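Novice: Got a structure for you, written out below as structure tokens; questions coming shortly.
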Amino acid sequence: MLDIKNLQVYYGVIAAVRGIDMHVDPNTIVTLIGSNGAGKTSTLNAIVNAVKKSGQVIFDGKDISKEPTHRIVREGIALVPEGRRVFINLTVEENLRMGAFNNDANYERLRDEMYTLFPRLAGKREQKAGTLSGGEQQMLAIARALMSEPRLLMLDEPSLGLAPKIVGEVFEIITELKKRITILLIEQNAFAALKIADFGYVLENGTISLADKASNLLGNDEVRKKYLGG
Ligand SMILES: Nc1ncnc2c1ncn2[C@@H]1O[C@H](COP(=O)(O)OP(=O)(O)O)[C@@H](O)[C@H]1O
Ligand SMILES: [Mg+2]
């Protein structure tokens, strides 16, 4: 579904991503784990052409490397950025409506699907997004991205700053989503990500140091030492 070849991102002379290759199969969860500053966010931004990059991004057989971000979104890729950016002064329902701006005909059906998928949001549809808990805002950010009916959902550190119990809940929903779409999950929380992923890549200083089935990475000594606390 997604093929990344020799992707490089430079900020001036700083090399953030140094020629990585990645592959995402349809209806799987692929995770890219790595510590702070490894180049994870730069990789996602490069996929949607929001930063200057070189290399190739192929989506469903089509080279989208040179396409503008808005067209990439229309092709079926949605990105939930770091820091769960929701419209804090709009209600839950208004946030969902914004997510459907290019998909108006399906708005009501999708909105109802989101309330089924995220029961926590259903009870708060008229509440301002800024008054939701961190976990609920993350759920709303994901739900809003889903309103455009993407085929590939990319999540940038959805667990950041959330209590462990809520991380579990958010990740259960992500697992549930795998039945209908493909997910590229970026995480510092390697343990939570590898538990739900099918395949994982480890990013270190802009380079892929390991690529394997998620279950193998969970058992890998090096990964355990560096990312799973022993
Ligand atoms: N806009 C930018 N300008 C300059 N350097 C940046 C910029 N964004 C990120 N970087 C640098 O690129 C490297 C990778 O950052 P990033 O992709 O945000 O990593 P991660 O998401 O894994 O924490 C870091 O060294 C960071 O300081
Ligand atoms: Mg980041």
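Novice: Can you tell which of Pro26, Gly134, Leu110 lies farthest toward the positive end of the dipole of the chain, using +1 and -1 charges on the Cβ of basic and acidic side chains (Lys, Arg; Asp, Glu)?
Specialist: The one lying farthest along the dipole's positive direction is Gly134.
Novice: Let me ask another. Restricting to DSSP loop positions (anything but H, G, I, E, B) with no more than 11 other Cβ atoms inside 10 Å of their own Cβ, which trypsin sites (Lys or Arg not before Pro) remain in region 169-221?
Specialist: Lys179
Novice: Using every alpha carbon pair in the chain, what percent of pairs falls into each 5 Å bin from 0 up to the bin containing the largest distance?
Specialist: Computed distribution, short to long bins: 1, 7, 15, 19, 20, 17, 12, 7, 3, 0, 0.
Novice: Show which lysines lie in cross-link reach of Lys53 when reach means a straight Cα distance below 16 angstrom and same-chain residues fewer than eight apart are skipped.
Specialist: Reachable lysines: Lys5, Lys40, Lys66.
Novice: Oh, and also: Please identify which residues in region 1-28 have an amide N closer than 19 Å to a label point set 7 Å out from the Cα of Glu82, following the Cα→Cβ vector.
Specialist: Those under the cut-off are 8-20.
Novice: How much net charge surrounds Pro158 when only the other residues with a Cβ under 15 Å from the Cβ of Pro158 are counted, with Lys and Arg +1 and Asp and Glu -1?
Specialist: So the environment of Pro158 carries a net charge of 0.
Novice: Which FRET efficiency, nearest 0.05, do Leu160 and Asn89 yield, Cβ-Cβ r, R0 35 Å?
Specialist: Calculated value: 0.95.
Novice: If only Cα atoms are counted, what is the Rg of region 4-103, and what is its Dmax, in Å?
Specialist: 15.1, 44
Novice: Which residue, Ile174, Ala15, Leu155, has the largest displacement toward the positive end of the dipole of the chain when charges sit on each Cβ (Lys, Arg +1; Asp, Glu -1)?
Specialist: Ala15
Novice: Run down the aspartates and glutamates and flag those whose C-alpha is under 16 Å from the C-alpha of Lys178, throwing out any fewer than 8 positions away in its chain.
Specialist: Qualifying aspartates and glutamates at Cα under 16 Å: Asp25, Glu113, Glu149, Glu169, Asp198.
Novice: Taking 25 °C and 0.890 mPa s as the conditions, I'd like the Stokes-Einstein D for region 107-170 in µm²/s, using the Kirkwood hydrodynamic radius from alpha carbon pairs.
Specialist: My calculation gives 198 µm²/s for D.
Novice: If I fit a long axis through the Cα atoms of helix 164-177 and take the longest principal axis of the Cα atoms of the chain, what angle between them do I get, 0 to 90°, rounded to 10?
Specialist: Its long axis makes an angle of about 90 degrees.
Novice: Here is a follow-up. Please rank Thr131, Thr31, fewest neighbouring Cβ atoms within 10 Å first, as an exposure proxy.
Specialist: Numbers: Thr131 12, Thr31 25.
Lowest count first: Thr131, Thr31.
Novice: If you put +1 on each Lys and Arg Cβ and -1 on each Asp and Glu Cβ, how big is the dipole of region 1-110 around its Cα centre, in Debye rounded to 20?
Specialist: The dipole of region 1-110 has a size of about 400 debye.
Novice: Follow-up question, since we're still on this one. Apply the Karplus curve 6.51 cos²θ - 1.76 cosθ + 1.60, θ = phi - 60°, to the phi angles in region 189-194 and return the couplings in whole Hz, x for Gly and Pro.
Specialist: Rounded to whole hertz, the list is 6, 4, 5, 4, 5, 5.
Novice: Place a +1 charge on the Cβ of each Lys and Arg in region 64-217 and a -1 charge on the Cβ of each Asp and Glu, then give the dipole magnitude about the Cα centre in debye, rounded to the nearest 20. Intermediate results must be reported in sequence, preceding the final value.
Specialist: Working: 20 positive and 21 negative charges, 39 e Å.
I would put it at about 180 debye.
No value in this document is a laboratory result; all are computed from the given coordinates. Bear in mind that the values here come from a model prediction, so they are computed numbers and not experimental data. Methodologically, a virtual Cβ is constructed for each residue, glycine included, from the backbone with ideal geometry; neighbour enumeration extends over all protein chains shown.
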